[in-house]
Amino acid sequence: MNVRTGPDIWRERYVHPCGWDQQFSPLAMTDLFAQSVHRFGERPFLDFFGRTYSYRAVWAEARAFAAGLQRQGIAKGDRVGLFLPNVPTYLAGYFGAMMAGATVVNFSPLYTAEELEAQVADSRTRLLVTVGVPSLLPTAIEVLRESSLEQLVVSKLPAMLPFWKALALRVFGRGEFSPMPSAANITEWSRFIVNEEPRPVEIAPETDLALLQYTGGTTGTPKGAMLTHQNLSANARQIIQTDPFPDERDVILGVLPFFHVFANATVLNRTVLTGGSIAMLPRFRAGQTLKTLQRVRATSMPGVPTMYQALLDNPAIRRTDFSSLRNCISGGAPLPLPIKREFEAATGARLIEGYGLTETSGVVSTNPFAGGDRTGTIGHPLPGTDVRLLDKENPEIDPPPGEPGELAIHGPQIMRGYWNRPDSDKHAFAQRDGKRWLRTGDIATIDDDGFIRIVDRTKDMIAVGGFKVFPSQVEHVLVSHPDVKEALVIGVPDSYHGEMPRAFVSLQPDADARADDLREWLNEHVGKHERVDRVEIRESLPKTMVGKLDRKALRESLQTENASDEPA
């Protein structure tokens, strides 16, 4: 049986104060936060452009928000939506909703009104929190008017900033603040929270939902992953057990968007547990990120590969003091070896690769921060996590020895299922050996040392005359060319082979490579069945909201281009 167990692997490397025999006993996120407030009350929890918020201050505002929710009739199990960038209100809204017994629903600030309305309706969100800026407030108001949403609560950005910065924004008009509209069901944040204690709500950590996190899954309409309090708190505890620096200064750069599960797990929840500090930025800008990293003397920064590449491309990197930075974790997409090497050389910090899914509350596996890693792999499963391979065609059996298979996961961080999608649940899980295994849709191998290597996604495999081509393998070869910055490979219809791989690339600054030359070079370095029909050079490639390359968006843009080329 090809099952690999997380604790056995990590025990060989670290001895953490939490203890390796910890059973991840049920723990509500509200209790996790309360314990940290008790231990670290006056420590700085958050830095927002130089304004700091202690653990106790965020706790007080969260409880006041919870009381306000209860006054408005929000009860246990109701959904409260956060339509916010990385701003302090997010933390009070996140924990305050849970204190009231509600389930948090994260909504991307990049959503259109139609996208937001669809997910508000699907989740049956009753109340939405946003911030009064033109990129968000008009969209939220439109959804309030056109959907079943009952209440909109609006925070003001100047109120969250240091006095000097808020004053400058007002004086010079750089904030582009939206005025508060006058309506009975629209309330300013400061008027919504109340100076009273919320009523206690009993939470069952293993069954009560803390977070409804939408994901596109492998195909189709976004689905809400139902994450319990125990899912989130267990994953936070799993993450810190892999940290070889448990007693050292902990300042994490929070530039990944908090509405995404990657940041929720690796920036927010784990930092609350450790009593660390988060230097929060509303969006990723390379120059601003470098300045903040140096100002707060950050010790770590989770990110996606395109973020690290953008930092390397910024001239300010040569002037930035990285002496405080110990380690960074990359996720969301495969980490190209050139980026890893260049970033580590420029900063002196360790950049390692990890892996996770929305359905796993954030993190499944990671390479070790200390000691040797295995570049190109996603490392070992976290403590308390089991992984195995399933046959690609029949999940009831194992793949042939030595062959890749679909990665399946069992652990305390696995979601309950998809919100109102029982049919999707049937395909998402496999029952093996008396356990419920999450099917990831990722094709992987596991070597003798327990390192997991993702080969590709089942939906992205290209069928070329009966052969299976994994796009990521071809992309890996392409980005090794000195002129290629980013690469995506997808399958296109072919009358003879059924499909053919086609490559799309963006080039490094000042590179002058020609598409035909890249195609010829690439096809000399891959197998015959992996050869591309052509290479197309583009100024940039589409990315998701967290900055990883997006094959789905590329396919959609090609369909649009092809449709526009057809004669009327």
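Considering only residues of the range 530-557 that are in a helix (DSSP H, G or I) and touching a residue at least 24 places away in the same chain (Cβ under 8 Å), which is farthest from the chain's Cα centre (by Cα)? Of everything passing the filter in the range 530-557, Glu530 is farthest from the chain's Cα centre (by Cα). Starting from residues that are touching a residue at least 40 places away in the same chain (Cβ under 8 Å) and not small (Gly, Ala, Ser), keep the ones in the range 352-361 and report whichever is farthest from Arg416 (Cα to Cα). Filtering the range 352-361 for residues that are touching a residue at least 40 places away in the same chain (Cβ under 8 Å) and not small (Gly, Ala, Ser), the one farthest from Arg416 (Cα to Cα) comes out as Tyr355.
Among all residues of the range 447-466, there is none that is farther than 29 Å from Asn2 by Cβ, assigned to a strand (DSSP E or B) and outside the structural domain of Thr360 (by TED's automatic domain parsing).
Can you say whether Ser506 is over 22 Å from Phe470 (Cβ atoms), in contact with a Ser or Thr (Cβ under 9 Å, 6 or more places away or on another chain), polar (S, T, N, Q) and touching a residue at least 24 places away in the same chain (Cβ under 8 Å), as far as the supplied structure shows? Here the answer is no, as Ser506 does not meet what is asked. Here the range 109-131 is the region considered, the condition is being in contact with an Asp or Glu (Cβ under 8 Å, 6 or more places away or on another chain) and more than 23 Å from Arg71 (Cα to Cα), and the residue that is surrounded by the most Cβ atoms within 10 Å (Cβ to Cβ) is Glu117.
Only residues that are aliphatic (A, V, I, L, M) and either under 15 Å from Phe262 (Cβ atoms) or outside the structural domain of Ala279 (by TED's automatic domain parsing) (or both): list them for the range 324-363, please. Listed by number, the residues that qualify are Ile329, Ala333, Leu335, Ile352, Leu357, Val363. Would it be correct to say that Ser25 is of a type in the set (S, T, N, Q), at pLDDT below 95 and either assigned to a loop (DSSP other than H, G, I, E, B) or over 20 Å from Arg297 (Cα atoms) (or both)? The answer is yes for Ser25. Restricting attention to the range 274-328, the residues that are within 21 Å of Asp510 (Cα to Cα) and either in contact with a His (Cβ under 8 Å, 6 or more places away or on another chain) or charged (D, E, K, R) (or both) total 2. Within this structure, Pro383 fails the test of being farther than 13 Å from Phe451 by Cβ, out of contact with any Lys or Arg (no Cβ under 7 Å at 6 or more places or on another chain), modelled with pLDDT under 90 and not charged (D, E, K, R).
May I ask you to list pairs of residues, at least six apart or on different chains, whose Cβ atoms are under 9 Å apart, with the first in the range 151-170 being within 19 Å of Ala279 (Cα to Cα) and modelled with pLDDT under 75 and the second being in a helix (DSSP H, G or I) and aliphatic (A, V, I, L, M)? Pairs found: Ala166/Leu157; Ala166/Ala159; Ala166/Met160.
A search for C-beta distances below 6 Å between a residue of the range 213-239 that is among the basic types (Lys, Arg) and any residue that is assigned to a strand (DSSP E or B) and at pLDDT 95 or above, counting only pairs 6+ apart in sequence or on different chains, returns Lys223/Tyr418. State yes or no: is Thr266 of a type in the set (Val, Ile, Thr), within 24 Å of Ser108 (Cα to Cα), in contact (Cβ under 8 Å) with a residue 60 or more places away in the chain and touching a Gly at 6+ places or on another chain (Cβ under 6 Å)? Answer is no for this residue. If you go through the range 402-446 and keep only what is in a helix (DSSP H, G or I) and charged (D, E, K, R), you end up with Asp423, Asp425, Lys426. Quick one: in the range 317-351, which of the residues that are assigned to a helix (DSSP H, G or I) and in contact (Cβ under 8 Å) with a residue 60 or more places away in the chain is surrounded by the fewest Cβ atoms within 10 Å (Cβ to Cβ)? Filtering first and then ranking leaves Leu337.
Would you confirm whether or not the range 412-433 contains a residue that is modelled with pLDDT of 95 or more and closer than 24 Å to Asp373 by Cβ? So far as the range 412-433 goes, yes, one or more of its residues are modelled with pLDDT of 95 or more and closer than 24 Å to Asp373 by Cβ. For the range 514-529, state whether one or more residues are closer than 15 Å to Val464 by Cα and assigned to a loop (DSSP other than H, G, I, E, B). There is at least one residue in the range 514-529 that is closer than 15 Å to Val464 by Cα and assigned to a loop (DSSP other than H, G, I, E, B). Residues in the range 481-513 that are modelled with pLDDT of 95 or more and loosely packed, with under 14 Cβ neighbours inside 10 Å: there are none. Glu403 passes every criterion in (1) out of contact with any helix residue (DSSP H, G or I) (no Cβ under 6 Å at 6 or more places or on another chain); (2) at pLDDT 90 or above; (3) not small (Gly, Ala, Ser) apart from (2).
The condition of being among the acidic types (Asp, Glu), surrounded by 16 or more Cβ atoms within 10 Å (Cβ to Cβ) and free of Cβ contacts under 8 Å to residues at least 24 places away in the same chain holds for only one of Asp456, Asp448, that being Asp456. The set of residues in the range 93-112 being free of Cβ contacts under 8 Å to residues at least 60 places away in the same chain, more than 23 Å from Arg421 (Cα to Cα) and among the hydrophobic types (A, V, I, L, M, F, W, C) consists of Ala97 alone.
Inspect the range 36-56 for any residue being surrounded by fewer than 23 Cβ atoms within 10 Å (Cβ to Cβ), at pLDDT 95 or above, of a type in the set (Val, Ile, Thr) and assigned to a loop (DSSP other than H, G, I, E, B) and give the result as yes or no. Among the residues of the range 36-56, not one is surrounded by fewer than 23 Cβ atoms within 10 Å (Cβ to Cβ), at pLDDT 95 or above, of a type in the set (Val, Ile, Thr) and assigned to a loop (DSSP other than H, G, I, E, B), which makes the answer no.
The values are calculated or read from the model by the stated rules, or taken from the named source; none is laboratory data. In this text, all values refer to a predicted model and were calculated from it rather than measured experimentally. Note that each Cβ is placed from the backbone with ideal geometry, even for glycine, and that neighbours are counted across all protein chains shown.
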